[in-house]
Every structure is written in structure tokens, then in C-alpha cells.
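Participant: The structure under discussion is supplied below as C-alpha cells; questions concerning it will follow.
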Amino acid sequence: MKKIYFLILLAIVIDNNLSAQKNTIIQGKIWATQNDTITITHYPYKIGITSIGGITNKLITSTGKFSIQLPNYNHSYYLSIVSKKFGNLRLNDLFIEPGDSLMIENLFDDPANRKNPYLHITGRNADKNELQHIWDHANSYQKIKLPHILISGMDSNEVEAKEKRLQNYLTYKQYWDSLKEKKSYTLSPSFVKIFEKDLEVNYTGTLLGITTGSFDKIMKNTNYKDDLQKLNDKYKKMIEPAFINLFNGFNNQILSPQFLHLAVKKTMLDARLSTGREGTIPASEYLKSLEQWPTFCKQEITTALVAYVYSQGVNIDGENDFAESASKLIDKPQLRSIVKEFAENYKPGYTILPFTMTNANGGETSIRDLQDKVIVIDFWFTGCTACVMMSKVLREVKKSIGENKELVFMSISVDEEKEQWLKSVAMDIYTENDNINLYTNGEGIEHRLIKAYNIMGYPHLIIVGKNNKLISGKPPIPRNRSELINLENFIRKAIDN
């Protein structure tokens with residue numbers, strides 16, 4: 001009998017090992033169209049809801065068919081797929097385990113389904129991804145009937161706001177339970193635990209949003225200190241228990257993008273609450289705020305915080321040394337390399353990545369031709385209202401500094417369509433006609449300059465000194481008059497040096 005048990009156990013172990021050794025194959029058959037580009041990005045370590053650390057493959061197809069073999073990792077990871085021609089055809093953060101293989105097909109070829117694509121996902125261990133897609137589709141197209149529509153800043157009181165969010169969470173949970181019961185899905189315990197934890201994460205995130213909204217309101221008042229203390233007390237009573245519940249039974253094998261996003265937002269809010277400041281926060285406060293996290297997730301949260309600060313334009317005092325200081329808290333090689341890359345790319349004195357782009361006059365501009373200039377570069381895209389505001393700020397800066405042969409303003413658009421870019425330049429609201437207006441030659445956010453500096457939040461500024469030496473990869477984005485003057489002084493100092 002012992003021999004039989006041993007053979008059964010051995011068979012299970014062998015089967016699991018063989019499954020883990022199988023490479024992940026991603027195949028698809030969607031609508032045929034001329035020269036579509038299918039972008040498949042997998043993340044060995046997903047850094048929150050950023051694209052940092054992603055490994056991208058682009059597949060050109062005119063038949064709608066595509067296939068790719070991904071590396072065989074010994075841990076779970078996340079995968080995203082998007083079609084360039086059918087922008088709505090997008091699968092975000094598919095949960096992939098070792099040995100998985102997916103076949104992705106569109107079931108209906110009609111205008112309605114092309115507008116709101118509903119796909120069928122089959123393959124080895126693919127039930128979880130089919131379920132993920134059903135959930136995302138229902139959530140994206142309002143098929144989950146929530147009892148409350150939440151609008152930031154519109155809650156009458158915090159007790160009522162918390163109750164509304166709890167009711168919405170319970171509705172999401174009920175919908176998830178009904179999906180699992182409809183079909184006999186085979187789901188791994190790891191996936192189920194992570195997905196259900198993410199429901200709690202999203203609920204906890206809505207609670208965090210209540211405090212963030214209250215903080216923003218309080219900071220607009222002249223006498224805010226008493227109100228700030230009261231908010232701190234309420235925050236501890238509401239948020240701290242929610243995070244204790246969140247960590248109860250937490251799966252520390254893989255941290256979801258949603259969890260890391262929430263952890264970064266809490267870290268930032270804690271730093272704001274502890275300083276009682278709005279706008280630029282000292283780097284030391286962010287580092288201090290990181291101390292709250294358990295050992296099993298502190299390195300991942302630290303990496304995500306660094307990524308958010310640099311890629312999304314978070315104003316921070318001491319940004320030149322922040323990444324270097326944060327890297328000392330990390331010993332996992334993959335995470336440390338991400339943080340080190342930020343430290344190196346954003347370090348003042350480094351030569352900026354050389355680039356040549358198409359300008360609005362039809363010619364080409366190389367940054368190497370401007371080595372005797374200080375260059376203020378702003379990045380924008382059509383439809384970005386904050387970019388319009390940044391353009392107004394830079395106009396004021398230019399007017400205040402006046403004509404200076406050593407200073408040029410360069411505007412780089414990440415629009416992919418050239419005609420749209422030229423039309424937006426002509427509108428004179430995103431940039432000025434006398435700026436050096438450049439186009440990323442259709443590459444958009446995939447251009448190597450954008451990728452090198454991991455720019456994800458727009459507008460984004462970079463200031464380059466003479467000899468193309470970086471002065472600042474993320475100077476503070478002005479949010480008030482005093483910060484505008486700070487930016488102006490920063491530029492004047494760069495010219496004088």
C-alpha cells in the first residue's frame with residue numbers, strides 16, 4: 001500500500017514539474033485587418049499599475065492571427081495584450097502561472113462586438129483568464145449594477161461615504177461569486193486568493209480616497225491645523241483596521257498591481273498627513289512612511305514608490321538622492337536594478353539619451369545640435385488638459401525670463417498620428433509655435449526617450465544643461481504661484497551655470 005501511495009505522489013510531482021517546465025504559449029485569432037500590431041507585454045515583476053519592467057513584443061498581422069512563446073518563469077506574473085487597430089481590444093494584467101498557454105479568439109464579428117470586444121480564452125490553465133476577461137468586460141461596460149455611483153468629493157459625510165463603498169464592495173463580491181458558480185471553472189487556489197484579495201484592495205482604496213478628498217479640502221482653509229488633527233484621528237480609526245483586515249491571510253507569493261498601487265497611495269498620503277503639507281514633500285518623509293510595511297512586501301512597495309515618484313511627476317524635495325536612498329532598502333536583484341536605473345537615468349550631470357525627431361517644419365532636430373543651450377523639454381499629448389495648463393505656465397516663465405540666446409523651449413508630443421500632432425501644434429494651446437516642436441515619429445510612448453525615463457504621467461518636464469548634461473529629469477511641476485517662481489529660478493540658475 002505504501003508503494004502505491006509513493007507512486008501516486010511521485011506521479012503528481014512529475015506532472016507538476018513537467019507543467020512548470022512547459023513554456024507559456026500565447027496565441028490568438030481576432031479580426032483580420034491590414035497591418036495590425038499586437039503588442040504583448042509581460043511583467044516578471046509588475047510594479048503597481050505602471051508599465052515599468054515590462055518586456056514587450058510586437059507582432060504584425062494582417063490575418064488577425066498571432067503567436068508567441070514566452071520565457072518559462074518559476075513564479076506567477078502578469079501579461080497584457082492590446083491591438084493597435086482595435087484600441088478597445090485590450091486585455092490587462094492577465095494572471096499567468098508557470099505552464100499556462102492561452103488561445104484568444106473573438107466570438108462575434110459585428111460592429112457592436114468590435115466596439116466592446118468580448119473574447120473567448122481557452123487553453124492550458126486558461127479558465128482563470130477567461131473569468132478575468134468576463135469580469136473586466138462586465139466592469140468596463142457597466143454590467144455590474146452597483147447600488148451607488150461614487151463621485152469624488154461629493155460625499156455628504158464620512159459615515160455615509162463608508163457605507164456606500166461597503167455596499168458597492170458587497171455587490172462586487174456577490175457578482176464574483178455568481179461567476180464562479182455559473183460554470184465549472186478550474187481555478188488555482190493562488191488565483192482565487194489574489195483575485196478575492198483584490199476586491200478587498202479596491203474597497204480599501206475607496207476608503208483611502210475619502211481621506212484624500214478630505215485632506216485636499218482642509219488644506220484649502222487658512223486655519224487648517226485643528227481640522228488636520230481631527231482628520232488624522234478619523235484616518236487611524238477607519239484606514240488602519242482596514243489594512244489589518246487586508247493583511248489577514250495575505251498571499252505573499254505575488255503582490256498584485258492593485259495592491260502595490262494602493263500601498264503607494266497610502267505611503268504618499270501618510271507623508272502628506274505627517275507633514276501637514278500639500279505639494280512638494282521631503283524625500284525623507286516618504287522613506288519614513290515606508291517603515292510601516294511588513295517585511296514580506298516592503299521591497300516591492302519601495303520599488304513601486306520610486307517608480308511612481310519619477311514616472312508620474314510627483315513633486316518631491318530631494319529627488320536627486322531619493323532613488324539612491326531607496327535602493328539601500330532593497331536586496332532583491334530584479335527590484336534593485338529597477339530602482340538603480342531610475343537613480344542613474346535621473347542623476348544630474350549624466351548626458352541625456354541622444355535623440356533625433358521630426359520637427360513641425362518638416363525637418364529633423366537632434367538634441368546634439370543644441371549642446372550650447374539650456375533646454376526646457378515638456379512632454380504632452382492631444383487631449384491632456386493638464387498639458388494645456390503647463391503650456392500656460394511655461395509661457396509665463398518665458399515671458400518673465402525674456403529673450404535669451406542660451407535658452408530654448410522644446411515640446412515633444414507622444415501623439416502617434418502625425419496629422420493630429422500638427423493640428424494640435426497649430427491650435428497653440430499645448431505648445432507655442434516658436435518652441436522647437438517635435439514628434440516621436442509615430443512611436444508615441446514607445447519611443448526610446450520616453451521609455452528611458454519611464455515617463456507615464458503628463459505633462460512631464462526635463463531640463464537639460466549645456467553639453468546635453470541632465471540638470472533635472474523631473475523638476476517640480478508648478479501648482480501655485482510660488483512654485484512657478486521656483487521653476488523660473490531653477491531655469492535661471494541653469495543658464496548662469
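Participant: Using only alpha carbon pairs under 8 Å that are at least six residues apart, calculate the relative contact order of region 158-345 and give it in whole percent. Before the final figure, lay out the partial values.
Facilitator: Values: 140 pairs, mean separation 31.8, N = 188.
Result for region 158-345 is 17 percent.
Participant: Could I ask something else about it? How big is the charge dipole of region 396-436 about its Cα centre, in debye rounded to the nearest 20, if each Lys and Arg gets +1 on its Cβ and each Asp and Glu gets -1 on its Cβ?
Facilitator: Charge dipole, region 396-436, about its Cα centre: 140 debye, nearest 20.
Participant: Please report the spacing between the Cα centers of region 152-209 and region 385-414 in Å, no decimals.
Facilitator: So the two Cα centres are separated by 44 Å.
Participant: Using a 7 Å offset from the Cα along the Cα-to-Cβ direction at both T37 and H137, what is the distance between the two label points in nm, to one decimal?
Facilitator: 2.7 nm
Participant: Can you give the angle from 0 to 90° between the axis of helix 189-218 and the longest principal axis of the chain, with both taken from C-alpha atoms, to the nearest 10?
Facilitator: 30 degrees
Participant: Something else now. Give the list, by residue number, of cysteines in the chain with no other Cys Cβ closer than 4.7 Å, or say none.
Facilitator: Within the chain, the cysteines lacking a partner Cβ under 4.7 Å are C297.
Participant: How many nm is it between the label spots at E181 and N245, if each spot is 7 Å from the Cα in line with the beta carbon?
Facilitator: Reported label-point gap for E181 and N245 is 2.2 nm.
Participant: Any idea what the dipole of the chain comes to, in debye rounded to 20, about its Cα centre with Lys/Arg Cβ at +1 and Asp/Glu Cβ at -1?
Facilitator: The calculation lands at about 780 debye.
Participant: Which shape class, rounded, prolate or oblate, goes with region 23-126 when its Cα gyration tensor gives a ≥ b ≥ c as root eigenvalues, a/c under 1.5 marks rounded, and past that a/b bigger than b/c marks prolate?
Facilitator: Since a/c reaches 1.5 and a/b is larger than b/c, the shape of region 23-126 is classed as prolate.
Participant: Taking Cα pairs under 8 Å and at least six residues apart, what relative contact order does the chain come out at, in percent?
Facilitator: Reported relative contact order: 11 percent.
Participant: How much length would be gained if the chain were fully extended between V388 and N232, taking 0.36 nm per residue of separation minus their Cα-Cα distance, in nm to one decimal?
Facilitator: 52.7 nm
Participant: Follow-up question, since we're still on this one. When the dipole is taken about the Cα centre of region 402-497, and only Lys, Arg (+1) and Asp, Glu (-1) are charged at their Cβ, what size is it in debye, to the nearest 20? Display every interim value, and only then the final one.
Facilitator: Details: 12 positive and 14 negative charges, 106 e Å.
Dipole about the Cα centre, nearest 20: 500 debye.
Participant: Using 0.36 nm per residue of separation minus the Cα-Cα distance, give me the extension gain between Q69 and E443 in nm, one decimal.
Facilitator: Additional length available on full extension: 132.2 nm.
Participant: Of the options G87, I254, S424, report the single residue whose Cα projects farthest towards the positive end of the charge dipole of the chain (beta-carbon charges: Lys, Arg +1; Asp, Glu -1).
Facilitator: The residue sitting most towards the positive pole is I254.
Participant: Just from its helices, what would the mean residue ellipticity at 222 nm be for the chain, if runs of 4 or more DSSP H residues each count -39500 (n - 2.57) and the sum is divided by every residue, rounded to the nearest 500 deg cm²/dmol?
Facilitator: Rounded to the nearest 500, it is -15000 deg cm²/dmol.
Participant: Quick one: which of 96-103, 321-328 comes out on top by average Cβ neighbours within 10 Å, and what's the full order, highest first?
Facilitator: Going by the mean number of other Cβ atoms within 10 Å, highest first, we get 96-103, 321-328.
Participant: Remind me, relative contact order of region 291-385 in percent, using alpha carbon pairs under 8 angstrom and six or more residues apart?
Facilitator: About 20 percent, as a whole number.
Participant: Anything over 20 Å Cα to Cα? Flag those among K197/K217; K217/K266; K29/K418, in the order listed. Present the calculation step by step, with values, prior to reporting the outcome.
Facilitator: Details: K197/K217 31 Å; K217/K266 18 Å; K29/K418 30 Å.
Going by Cα-Cα distance, K197/K217; K29/K418 fall outside the 20 Å limit.
Each reported figure results from applying straightforward, stated rules to the coordinates on display, with no laboratory input. If you're wondering where the values come from, they're calculated on a predicted model, not measured in any experiment. Please note: Cβ atoms are built from the backbone with ideal geometry, for glycine as well, and neighbour counts cover all protein chains shown.
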